[in-house]
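Shown next, in structure tokens, is the structure this report addresses.
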Amino acid sequence: MTDPSRLPGKPTVLIVLLTALCALAGTVLLTAATVRHLPRRPAAAQEGDRPSPTPRSSSTREPGPPLCVIGSWQVAEDTVKIKFYTDADATTFTGSGRLFEFRPDGTGTEKHDNHVLKSTFEGNEIRIVSNGAQDFTWTTKDGTITYLTRTSSTLVYSYYDQRGLLDSHPAAGPGDLYDTNDFTCERGRAVESRRDVEYRSVWNRTTAYGVYG
Amino acid sequence: MRAALAVVALVLFPATAFAQSSDDTRAAATARPAVVLVTVGWHGWVRDTRTGEVFGGRTGYDVAVTCAGTVISADGYVATASHCVHTGPLGGAGALFAAAVAELKKAGRVGDEGKAAAQFADHGVAEGASPDRPLDRDIRVERRDRDGRDVAPATVVDLTAPDAGDVAVLKVERTGLPTVAIRPDAPEVGTEVTVLGHSSTEDLEVDHRGGAIAGRREQNGKPYLEFAGTITRGQSGGPVVDGTGALVGVVGRVSAESHTVAASASTLADLVRGKGIQLVPGPGDLAYRTGVERYFADDYDGAVESFDAALAAGHPRAAEYRESALGRGGAATSPGTLGLLAVLCGCLGLAGLAGAVGMVVERSRAGRKPALVSTVDD
């Protein structure tokens, strides 16, 4: 049985009720403040509005001739086996000084200015002296160079032995060549060679053509 | 104890922009969030118009150039140096010419590199897969945001020639970006300025260097600013800002006198005029700048409050600076504490309500019982 004298009075109930309401109101305010202080996401555009870079579509171009071949060259050392006399075996000639120019359009020029190839036969010096120039077309592939056609020529060859001038004649005129040699090129030096005629030619780059700066 | 916490925080965040407290550091702090990395990928071939020789082989040259840039409009407009994005010999074509010179040098076809580059500038063209196609240009703008690294493709809105203004405006499809203000008037000689750029393209870290305007010059009718010292690679195209962090120039090239030359911000202002580009700072910018001001006034509590407001407005770089302010003793109103108080109040309120209801019920019962007892007793 409850003792009515121990029941809370009306003021007490009101105080408790008001306190509870105040606490609830505080809850609402604090919750609002908490939400306001929560870190927010940046107001950036959505992912769908943020385009990313796309890879570039590939494009190619038919390559020109090798960079290293293009330019002007001077022969530092020529070695080649040539049949000088019709009734004797070929002998090895040496020389230097020929000039080449290889252009990116696949044309080229070879110049001889009193160019001399020397050898000895039975103790006597024999010589081939050449003057003039020839133009040609060329191409390279897999370590070889092919002279395709001779487009013009003013070259004249003169043959000497201990007796003096034996013969003199111009080089062949325009026509197909299809003359293929091994060819290596690195920086300022190139080497052209061909085994069957024991030909080897070492070239040094000059600044006359194809060099920048 | 609070002091000890502050020391710990400083140890934890030593590399933030606010590690020092000087004018150029303040200017840098204001402008830093708007600094972006501009990467331009060039692809193409080089042709000598005299000989027809084409350099670049089958696949062409790929050259990447990095510059700095500055966001000038929250809608994704970025200012940088024209030479970073221009297709001419002072820009992308020049980059491809340099690649050709490097390749020719390996082939023994270069005497003097500088003269070779000049020859290409005079007689070379940079082009695409055929002579009638332009070289490819791929511009990307990179920046740090709250999610990490954001890379956006960019287009050129407009530019001046590299030797007549050297400014360009790019556009990225982004919004809400932090910006810098453009100061349209030219600062006087002697005005202290700060140059910003990237010390590292890996983590997009932005560094800065203080200096002063050493002179003003004109080239092809366009104004430039000069200041002593050279620039690092990542600073080209970046902002030159005054003490308030406002843009006064765009970093260009190094002059023959070893001065850094910057395009005047007035050239940039002329370029954006009439293009509908909104240069008004957003609420995040304003709050962030206020935060920086408060920070350097040693009002760390206020700084934290402002950085909080900047974060709420979506400013991507305010968080780290807020941490720095906290590290210096700034206090934040913790959402965790507020939440705990809210829960406690809620519990108290519910308990009070329950108590009050209980009291009312008990009083009601007590009020009825005496009548029943009286009946029985009778």
Subject >> Unmet criterion (only one of (1) within 14 Å of chain B (Cβ to nearest Cβ); (2) in a strand (DSSP E or B); (3) of a type outside the set (A, V, I, L, M)) for A:Asp105 >> reply: (2)
Original post:
So A:Thr151 clears everything in (1) over 30 Å from B:Leu104 (Cα atoms); (2) of a type in the set (Ser, Thr, Tyr); (3) surrounded by 14 or more Cβ atoms within 10 Å (Cβ to Cβ) except one condition, right? Which one?
Top reply: (1)
Subject >> Selection count where residues are buried (at least 22 other Cβ atoms within 10 Å of the Cβ) and either free of Cβ contacts under 8 Å to residues at least 24 places away in the same chain or not in a helix (DSSP H, G or I) (or both), scope segment B:317-335 >> reply: 2
**OP:** Search segment B:46-74 for residues that are within 30 Å of B:Leu279 (Cα to Cα) and touching a residue at least 60 places away in the same chain (Cβ under 8 Å) and pair each with any residue that is part of a strand (DSSP E or B) and among the aromatic types (Phe, Trp, Tyr) when their beta-carbon atoms are under 8 Å apart and the residues are at least 6 apart or on different chains.
**Re:** B:Val71/B:Tyr77
Original post:
Do we find a residue being in a strand (DSSP E or B), in contact with a Gly (Cβ under 7 Å, 6 or more places away or on another chain) and over 24 Å from B:Arg144 (Cβ atoms) anywhere in segment B:175-191?
Top reply: no
**OP:** Could you check B:Val189 against (1) crowded, with 17+ Cβ neighbours inside 10 Å; (2) β-branched (Val, Ile, Thr); (3) more than 12 Å from chain A (Cβ to nearest Cβ) and say which number it fails?
**Re:** (1)
Original post:
Does B:Val169 meet the test of being at the interface with another protein chain (Cβ under 8 Å from one of its Cβ atoms), buried (at least 20 other Cβ atoms within 10 Å of the Cβ) and either of a type in the set (Val, Ile, Thr) or over 30 Å from B:Leu286 (Cβ atoms) (or both)?
Top reply: no
**OP:** Considering every residue within segment A:202-212, establish whether at least one is crowded, with 16+ Cβ neighbours inside 10 Å and more than 22 Å from the chain's Cα centre (by Cα).
**Re:** yes
**OP:** Say whether the condition of being within 14 Å of chain B (Cβ to nearest Cβ) and either part of a strand (DSSP E or B) or among the aliphatic types (A, V, I, L, M) (or both) is met by at least one residue in segment A:140-151.
**Re:** yes
Original post:
Is there a residue in segment B:59-69 that is of a type in the set (A, V, I, L, M) and more than 14 Å from every other protein chain (Cβ to nearest Cβ)?
Top reply: yes
Original post:
Among the residues of segment B:122-133, is any crowded, with 18+ Cβ neighbours inside 10 Å, over 28 Å from A:Ser59 (Cβ atoms) and either out of contact with any Lys or Arg (no Cβ under 6 Å at 6 or more places or on another chain) or more than 11 Å from chain A (Cβ to nearest Cβ) (or both)?
Top reply: no
Subject >> Members of segment A:137-148 found to be surrounded by 15 or more Cβ atoms within 10 Å (Cβ to Cβ) and touching a Leu at 6+ places or on another chain (Cβ under 7 Å), listed by number >> reply: A:Thr137, A:Trp138, A:Tyr147, A:Leu148
**OP:** Tally the residues that are assigned to a loop (DSSP other than H, G, I, E, B) and under 38 Å from the mean Cα position of the chain (by Cα), restricting the search to segment B:58-78.
**Re:** 5
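Each reported figure results from applying straightforward, stated rules to the coordinates on display, with no laboratory input. Computed from a prediction, not measured in an experiment: that's the story for all the values here. A quick note on method: Cβ atoms are made from the backbone with ideal geometry, for glycine too, and the neighbour counts reach across all protein chains shown.
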